[in-house]
1. Of E480, E548, E504, E535, which residue is in a strand (DSSP E or B) and over 20 Å from S441 (Cβ atoms)?
2. If you take the residues in segment 235-253 that are surrounded by 21 or more Cβ atoms within 10 Å (Cβ to Cβ) and under 30 Å from the mean Cα position of the chain (by Cα), which one is nearest to V551 (Cα to Cα)?
3. Test D411 against the criterion of being of a type in the set (D, E, K, R), surrounded by fewer than 17 Cβ atoms within 10 Å (Cβ to Cβ) and at pLDDT below 95, and give yes or no.
4. Can you name every residue in segment 539-565 that is at pLDDT below 90 and out of contact with any helix residue (DSSP H, G or I) (no Cβ under 9 Å at 6 or more places or on another chain)?
5. May I ask you to say which residue of R261, R257 is in a loop (DSSP other than H, G, I, E, B) and more than 19 Å from the chain's Cα centre (by Cα)?
6. Would you mind telling me which numbered condition in (1) modelled with pLDDT of 90 or more; (2) surrounded by 14 or more Cβ atoms within 10 Å (Cβ to Cβ); (3) closer than 20 Å to A547 by Cα; (4) not hydroxyl-bearing (S, T, Y) G302 fails?
7. Out of segment 201-233, which residues are of a type outside the set (S, T, N, Q) and farther than 18 Å from G157 by Cα?
8. When both residues are 6+ apart or on different chains and their Cβ atoms are under 8 Å apart, which pairs have a first residue that lies in segment 507-524 and is farther than 13 Å from S406 by Cα and assigned by TED's automatic domain parsing to the domain that holds T484, and a second that is modelled with pLDDT under 85 and crowded, with 24+ Cβ neighbours inside 10 Å?
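The values are calculated or read from the model by the stated rules, or taken from the named source; none is laboratory data. Note that the structure is a prediction, hence the values are computed from the model and not measured. Backbone-built Cβ (ideal geometry, glycine too); neighbour counts: all protein chains shown.
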Amino acid sequence: MNQPLIVLKFGSSVLRTAADLPEAVHEIYRYSREGFGVVAVVSAFEGVTDRLIAQARELGADPARNVGVSGLAALVASGERKTAAALQIALSQAGIPAQVADPLAIGLRVDGDGLEGAPVDLGLVRLSALLQKGRILVVPGFFGSDEEGGVSLLGRGGSDWTALYLAQRLDGRCRLLKDTDGIYERDPHGEGEAPLRFERLSYEDALALHAPVVQEGALRFALVHRQTFEIARIGSVHGTTVGHHATMLPPHREARRGPLRVTLLGLGAVGRGVYEHLRRLPEQFEIAAIAVRDRTRHESTGVPGSLLLSLDEAGKAPTDVVIEAIGGVQEAGDALARALSAGRHVVTANKAVMAARGPELRALAEREDSRLLYSAAVGGVVPVIETLRGVRGSIASVEGVLNGTSNFVLDRLAEGVSLDEAVAEAQRLGYAETDPSDDLSGLDAARKLALIARDVFGVALETEDIPRPGVSALAAWRPEGGRTIGRLIAGVRATVEGCVASVELVSVDPSHALARCRGANNAVAITLRNGEKVELSGGGAGRWPTAESVVGDLLELWRDLQPHAGKRPAVLGEFEAKAS
């Protein structure tokens, strides 16, 4: 199954400091869960390049006399490398598999004087092989290698060129992320009436701007190769498309919906992770209320007391979206039913309540024209539900590791650790609940299979009817002479009558694909009726992977609720307005 590719470029205007990394993670995850392979190109954090250039000059570098040019280029490139490493760590914390692909390692060749060059070649086979592993690639922008293997720069703003060059060679889409929703008639941050944003901009008109948003060399490269690309803001539904087409302005000013009011039910491991993310997204979300049992305990950790309410009080707060993170079936299910009946949108990671009361909650959502989103309920940050919906009707089977807690415990058992020690370690790391029996018995995985069966095959399987091994089987499992690894494999396959599902504890060879799913990760193989396979992997347990998936649902909802232009924009014969 061919996967579309997108290159996302994050410049220093959006990644000013490490505090901005979560927003980049959200944007990368947005496209990953939509089915794109993602290459993220990054610039150095704000101000870093200037400081490194100054440092090089203090050390004696003098490009005018051709002194220390190679060293200056290598020192300056360390800024982009640092940002790339930081982004990879942030993605990994969220459970999203990612790898730094250094420009020198992927054969990105630059021709020039060491400081102002142009990309001329790429190790396409190497880069394509890395992408086929299903990981996000994080590429430091702005530089490549010279003919002798040293570092050569692409000029200031050169990360734009890195992104466009990679997209052109990989035949992918390119989206340059800036601090505005696109290119405007004039500076959108200036005084006076807000300017109009170009929906489309020709190469020639983009070059005519006095203060181009894109590096000129990169823009001329796109013109020569007739490469269309987008300029937008992180999370935006709008943007400016630059390409070989007539320039277009919208016929009216764009409306923008304000932040969605959110009520958060529960502030445990997952709830707290969601809360921390929402605090960083004030333009999209306003936290209206948080339902907790112990107000004093959460106030002591810095949560505003004015937001902390009982479950009944929080349920009455004026809100647009209810996020359920309290767990269980009865209390959570009742709260979600009340929210949907009141016309509110709902996001949950609770597979137990969805398996037990899913049909009832779906019917309420449909009746009230509300959204019921539960991507995090199956696979954590792994986009299982979204992927399955994209190929619905052509699926033969779904199989994989769907419970990160049991996977972590089985890995530790294979290393000779006792069950009690493995469970205690999983609890310390936030991978296991106080009572982990649902995870270790296969019940949690069976609930997820019930959701998949209903969503994909239209079959209402009862969780209790799905065979599973039980805690005793896992407790008794031992590696065969240290040569095997235990895996709790959940599977559902199509049959003439509908589908069958099971959860089995099996011993696999270390070379087995599911043996490579380590720790608290999940891995899923979707087999299509034509024999093709779609493989997914990522974090399946813990605060941050689950919270990322919940926030992914929230951001999808926010984008879907933004007003869209109803009429096609007018065409300008010639762009005469210049940037001020």
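1. Among E480, E548, E504, E535, only E535 is in a strand (DSSP E or B) and over 20 Å from S441 (Cβ atoms).
2. Of all residues in segment 235-253, those surrounded by 21 or more Cβ atoms within 10 Å (Cβ to Cβ) come to 239-240, 242, 247.
This time we only want the ones that are under 30 Å from the mean Cα position of the chain (by Cα), so: 239-240, 242.
Details: G239: 22, T240: 26, V242: 30 Å.
Top of the filtered list is G239.
3. Details: of a type in the set (D, E, K, R): yes; surrounded by fewer than 17 Cβ atoms within 10 Å (Cβ to Cβ): no; at pLDDT below 95: yes.
Taking the combined requirement at face value, the residue does not satisfy it.
4. Q562, P563, H564, A565
5. Details: R261 fails: in a loop (DSSP other than H, G, I, E, B).
Testing whether each residue is in a loop (DSSP other than H, G, I, E, B) and more than 19 Å from the chain's Cα centre (by Cα) leaves just R257.
6. Single failed check for G302: (2).
7. From segment 201-233, those of a type outside the set (S, T, N, Q) are 201, 203-214, 216-226, 229-233; that's our starting set.
L201, E204, D205, V224, H225, R226 - these are the residues of segment 201-233 that are of a type outside the set (S, T, N, Q) and farther than 18 Å from G157 by Cα.
8. Short answer, once both residue conditions are applied: V524/G379.
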